[in-house]
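Below is one structure, written out as C-alpha cells; comments come after it.
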Amino acid sequence: MKIRKELWFGFILMALIIAGTAVMLLTAPKITNGHLGLMMLSLVVVAIMMGFPTAFTLMGMGMVFTWIAYEENTSLTLTLMVQSAFKVMGNDVLISIPLFVFMGYLVERANLIDKLFHSLHLALARVPGSLAVATLFTCAVFATATGIVGAVVTLMGLLALPQMLKNGYDVRLSAGAITAGGCLGILIPPSVMLIVYGATAGVSVVKLYAGAFFPGIMLAGLYILYVIIVAKIKPEMAPPLSAEGRFVPLPPALKQLSETFSNRALPALLQGLKGQRNADITTTYLLKQLGVALLPALVFAAFSWMAWNASTTAAPAAAVMSSGGLSEPGSSGTVAGGVSEPPGASAGGLAEPPGAGSGGLSEPPGATPPAAGGGLSEPPGSTAPAGGVSEPPGAAPAAGGLAEPPAARNGAAASTAAGDGARVPASQSFWIGFGVGLAALVAFYAILSFQRLEIFKMLLASFFPLLILILAVLGSIVLGLTTPTEAAAVGALGGFVLAVAYKQFNMRVLKESVFLTAKTSAMVCWLFVGSAIFSAAFALLGGQELVENWVMSMNLTKTEFLVLSQVIIFILGWPLEWTEIIVIFMPIFIPLLDNFGVDPLFFGLLVALNLQTAFLSPPVAMAAFYLKGVSPPHVTLNQIFAGMLPFMGIQVIAIILLYQFPAIGLWLPSVLYK
C-alpha cells in the first residue's frame, strides 16, 4: 500500500520527537521530575499526531504524571484536577467564544457572502485579477464578521473557486487566494484565537483586538497587491472579465432614463425630475434613486462637519491667554481677572493640607496665633486679607485668590471668554483631508453611470449591513464601551437580525447554528480544561523551570529568542491545530518573555501571524484540506499546495515587517489605552 507524503512526514516527525526524548533521558546524569515533564510533553505531541483527542489526551497525560509527581497520591491528584478545571470555568473571557461563534454561523447562513462576492467582483471588474481581489476582500470582510477559518475557506471554495476556474484563472492562484484569505480569520478581530491567547497569556483581549487591526489590514493589502502584480505580469493566470461577466442589467425605468437623457446617473436623475412627463416613471421612484445616488455626498458632508467642529472648537481649560496673561491648565474655576484656584480649593483662599487644624497651619512656639479666618499669619505691620495670603503692596487682590499682574488681567478675561465656545481656525490637516475627500467625491460622481449605481445598490444591500455589524462589535470593544463578552452578545443579536432581515432565518438555520456553536465551544472549553491540568502537571514536575534554564543558558539576545520561538511555533503548526499550540505551548513561552523584555501583546501578534503561516505550510496545511473537500475533482492537493506557497512567503514578509516596525501593531493600543 502506497503511503501519502504527509503521512511519511508525520511518521518521521514522530520518530524524531521520540528519538530526541530518548537521547535526552539516556544522556542525562540523573533523571529528575523536570525530565519527566519534557517526556510528558513529547508523548502528548506524538499522541495528538496519531489522532487521539487533544483535550482528553492532555487531561489523561496530566493526571498520570501528576499522580507520579505526587508519589502516587490519588487524593492530591484529584484535588489538583478539580482546582484546575474550576479555574477555567471561572474565566469570564471564555463566555465570548460561543457568542462570537454563534454570530459567525448566523451570518454565514444569511447568504450575505454570496451577494457580497457578486457585488464586489462587479465593482472591481476593471482591476487586474478582479475575481481573486474580490475573493480576498470578501474573505477579509467575512473573517471580520465571523473569525471562523474553516467556514470561510469552505464557503469561498464553493462560491469563488468555480467562478475563477470558469473565467480561466490559474488553479494555483485561485487556490492560494482562497486559502490565504480564509486564514485571515486567525488574525483579524473578532478572532477566537486571540481570545484563547488572551485568556492563556493573561493579556487584555481588548488590546489584542486593537493591536491586530492594522497587521490584519496590512496582510490583506499585501495579498491583494501580489494578486494585482501577478495579473499584470502574467495576464494568462488571471484574465480580465469578459464583457458578459461585467454586464449589469438595468431596471426598465433607469434604462429609459439612460436612453432619454444620459448614462451619467446624477444629471439624468435631476433632468428626469425637472421635466418629468412620463407616467411610467413616478416622482417617488426618481427621488428614491436620487437619494441613493446622493448618499455618499451626504455621508461626506456629515463627516466633514464633525471633523470641522472637532478641529475648530477651542477647549476652555486649555485656552492660552493673550496679552501676557497666564492660564491654568486643567483648572475648573477661572475667576474674572485672576488665576483660578486649583480643584478643591476653599472659597476663601488656598486650601489647607490634610490633617491641618481648623485654624490653619500650626504656629511655632511664641508666634502670634493666626486669624480666625484660617491662613498663614502676617508679618508685623501688614494687614491680613480675610482668609488668604497677603497681596503685595499696590495689588488689588481678587475675591479669594492670588492677584494678577496689572497687564495680565484684561488678557486673562479675554482669553477665558474666547475659550468658552469660540472657534479657532481649522488645522491644515483638516483642509488637506477635506480637499482629498472632495476630489474623490467629484471623481465618484464623474464616473457614476447607471450600471455603477446598480452595483452601488448591491454593495449597500450586502456590504454595509455587515459593516454596521462589524463596527457595532469591534467599535464598541476598541473604544472601551463594552467588554468583549458584551460586544459578542451584541454581535450574536446582530447576526440574528441580519438573518431575519434577509429572510434566511428558520428553525433549520437556528438548529444548525446552535449545534455548530455548541460543538465548537465545547471543543475549545474542553481544550482549556485539559490544558489547565496539563500545565499544572508540567509546572509541578519542574518542566517549565528546566526549559527556562535551558533557554537562559544559551545566552540568546531578544531577536534570537523571538526567532527561535517563532520557528518552533511554525514547525508545530504543521502537525498541530492552533488551539493545541496555544493551550499547550504558550504557557511554556509566556514566562520566558520577561527575561528578554518582550511585550506579551506584541508576542501574541507575532504568534497570530505565524499560525496563519503554519496553516498554509505543506504538507500538513489544514486550509488546503478544507478547500480540497469542496473543490472539483481535477483540482489536486499538490496544485493547492503550490498556490499556497507564495502567500506563505508574503506572511513571512509580514512577520518581518511587524518585527521591524512594532508600531504597526502597538500604535493603536497605545493611543486608545494610555
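Scan segment 165-196 residue by residue and report those that are part of a loop (DSSP other than H, G, I, E, B) and not small (Gly, Ala, Ser). Steps first, please.
Going through segment 165-196, the residues part of a loop (DSSP other than H, G, I, E, B) turn out to be 167-170, 187-191.
ASN167, TYR169, ASP170, LEU187, ILE188, PRO189, PRO190, listed by residue number.
Out of the residues in segment 50-67 that are farther than 20 Å from PHE86 by Cβ and β-branched (Val, Ile, Thr), state the one that is farthest from the chain's Cα centre (by Cα).
The selected residue is VAL64.
(1) in a helix (DSSP H, G or I); (2) exposed (fewer than 15 other Cβ atoms within 10 Å of the Cβ): which one isn't true of GLY480, the others all being true?
Unmet condition: (1).
(1) surrounded by 17 or more Cβ atoms within 10 Å (Cβ to Cβ); (2) assigned to a helix (DSSP H, G or I): which one isn't true of VAL563, the others all being true?
All conditions are met except number (1).
Have a look at LEU58, LEU122 and point out the one that is of a type in the set (A, V, I, L, M) and over 30 Å from LEU241 (Cβ atoms). If you could, list the steps in order and put the result at the bottom.
On the way: LEU122 fails: over 30 Å from LEU241 (Cβ atoms).
Selected residue: LEU58, the only one of LEU58, LEU122 that is of a type in the set (A, V, I, L, M) and over 30 Å from LEU241 (Cβ atoms).
With (1) within 27 Å of the chain's Cα centre (by Cα); (2) of a type in the set (Asp, Glu); (3) crowded, with 17+ Cβ neighbours inside 10 Å as the list, and GLU454 as the residue in question, which single condition is left unmet?
Result: GLU454 fails condition (1) only.
Under 8 Å between Cβ atoms, which residue pairs at least 6 apart in sequence (or on different chains) link something in segment 117-128 that is under 16 Å from VAL141 (Cβ atoms) with a partner that is basic (Lys, Arg) and at pLDDT below 85?
LEU122/ARG246
From the list PHE214, PHE142, which one is surrounded by fewer than 24 Cβ atoms within 10 Å (Cβ to Cβ), closer than 27 Å to ALA488 by Cα and not charged (D, E, K, R)? Steps first, answer last, please.
Details: PHE142 fails: surrounded by fewer than 24 Cβ atoms within 10 Å (Cβ to Cβ).
Matching residue, one of PHE214, PHE142: PHE214.
Please go through segment 218-248 and give me each residue that is closer than 15 Å to ALA125 by Cα and without any contact (Cβ under 8 Å) to a residue 12 or more places away in the chain, ordered by number.
ALA243, GLU244, PHE247
Let's see how each residue does on (1) within 31 Å of the chain's Cα centre (by Cα); (2) assigned to a loop (DSSP other than H, G, I, E, B); (3) of a type in the set (A, V, I, L, M, F, W, C); (4) within 30 Å of VAL607 (Cα to Cα):
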residue	(1), (2), (3), (4)
THR200	yes, no, no, yes
ALA212	yes, no, yes, yes
LYS232	no, no, no, no
ILE281	no, yes, yes, no
LEU287	no, no, yes, no
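Looking at (1) more than 30 Å from TYR209 (Cα to Cα); (2) in a helix (DSSP H, G or I), which is the only condition LYS503 fails?
The failed condition is (2).
Quick check on my filter: what residues within segment 74-102 are under 28 Å from SER42 (Cβ atoms) and either of a type in the set (A, V, I, L, M) or surrounded by 14 or more Cβ atoms within 10 Å (Cβ to Cβ) (or both)?
LEU76, THR77, LEU78, LEU80, MET81, VAL82, SER84, ALA85, VAL88
The values are calculated or read from the model by the stated rules, or taken from the named source; none is laboratory data. On a predicted model such as this, the values are computed, not experimentally measured, just so you know. Quick reminder, even Gly has a Cβ in these numbers, built from the backbone with ideal geometry, and neighbours come from all protein chains shown.
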